[in-house]
Amino acid sequence: MLMIEANKLRKEYHIEGVETVALADVTFSIAKGEFVAIMGPSGSGKSTLMHILGALDQPTSGTYVLDGQDISHVSDRDLAGIRNRKIGFVFQSYNLLPRTPAIKNVMLPMMYANVVPAERTERAAKLLTLVGLHDRMGHRSNQLSGGQQQRVAIARALALDPAIILADEPTGNLATTQAEEIMHIFRDLHNEGHTIVMITHEPSVARYAKRVITLRDGRIVSDQKQ
């Protein structure tokens, strides 16, 4: 079963009459349960591709099918709904509410999805236990280390059982030891069957993935299993 189907994706930006092509003829697919890293130097188009895969932006042309649904040209409102239901985001900067306990940060997506309170609490506790924070549930985000905050962010990304986990430079703000701990969690999630797409520029991080797609100048230059 294919979770992602990208076909001839093209993204153009027009600034003061000048056309810039960020992506050109990008075609690939990702099966359910794959762990894929997308790499490339600055300006390669990987951030643009991440925004399209994350339903944060739409291609100028081409098609993007996520979990069986073509979302290439849907309305912004529909795109927001798809983003909330189908994608679990993990960002470099964590994006947690700073003075809010870890468990409430994890519960937040479930509140927006109208999950009943008792189920929110139970599910959030299970997810924090999954990422090794069973003893930090009541700690506020600003009382946690960077690595612990990223664990909370991973638990939050899993809150609504998304079709894919999209991680954008998830170890970018972490020391080496913390980064390795976070990547071990992603490896374990992959082993449990989760579909993970990770944007990174670090080969030491990409090696945890089972497949690496490399971009240069808006095009795929290699797509290799490892």
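For the reader, a short list of remarks on this structure follows.
- Restricting the range 161-180 to residues that are in a loop (DSSP other than H, G, I, E, B) and of a type in the set (S, T, N, Q), the residue that is nearest to residue 35 (Cα to Cα): 171
- For residue 68: the one exception among (1) surrounded by 14 or more Cβ atoms within 10 Å (Cβ to Cβ); (2) farther than 20 Å from residue 183 by Cβ: (1)
- For the range 108-133, the set of residues classified as surrounded by 12 or more Cβ atoms within 10 Å (Cβ to Cβ) and in a loop (DSSP other than H, G, I, E, B) consists of 113, 115, 131, 132, 133, listed by residue number.
- Residue list for the range 149-189, filter: among the charged types (D, E, K, R), surrounded by fewer than 22 Cβ atoms within 10 Å (Cβ to Cβ) and touching a residue at least 12 places away in the same chain (Cβ under 8 Å): 168, 169, 181, 187
- Tabulated pairs, the range 1-17, first within 20 Å of residue 196 (Cβ to Cβ), second in a loop (DSSP other than H, G, I, E, B) and charged (D, E, K, R), C-beta under 6 angstrom, 6+ apart or interchain: 1/32; 3/32; 3/67
- Of the residues making up the range 42-79, those that are farther than 14 Å from residue 11 by Cβ, touching a residue at least 24 places away in the same chain (Cβ under 8 Å) and not in a loop (DSSP other than H, G, I, E, B) number 3.
- Checked against the criteria, residue 136 counts as more than 19 Å from residue 195 (Cα to Cα), in contact with a Leu (Cβ under 8 Å, 6 or more places away or on another chain) and in a loop (DSSP other than H, G, I, E, B).
- Count - residues of the range 201-217 that are of a type in the set (Gly, Ala, Ser), more than 12 Å from residue 40 (Cβ to Cβ) and buried (at least 20 other Cβ atoms within 10 Å of the Cβ): 1
- Evaluation of residue 103 against (1) free of Cβ contacts under 8 Å to residues at least 40 places away in the same chain; (2) under 30 Å from residue 220 (Cα atoms); (3) not acidic (Asp, Glu) (one fails), failing number: (2)
- The single residue among 128, 108 that is closer than 21 Å to residue 183 by Cα, among the hydrophobic types (A, V, I, L, M, F, W, C) and either free of Cβ contacts under 8 Å to residues at least 60 places away in the same chain or in contact with a His (Cβ under 7 Å, 6 or more places away or on another chain) (or both) turns out to be 128.
Yes/no per residue for (1) modelled with pLDDT of 95 or more; (2) in contact with a strand residue (DSSP E or B) (Cβ under 6 Å, 6 or more places away or on another chain); (3) acidic (Asp, Glu):
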{"residue": "125", "(1), (2), (3)": "yes, no, no"}
{"residue": "131", "(1), (2), (3)": "yes, no, no"}
{"residue": "151", "(1), (2), (3)": "yes, no, no"}
{"residue": "165", "(1), (2), (3)": "yes, yes, no"}
{"residue": "175", "(1), (2), (3)": "no, no, no"}
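The values are calculated or read from the model by the stated rules, or taken from the named source; none is laboratory data. From a predicted model like this one, the values you see are computed outputs, not experimental measurements. Note: ideal-geometry Cβ built from the backbone for every residue, glycine included; neighbour counts use all protein chains shown.
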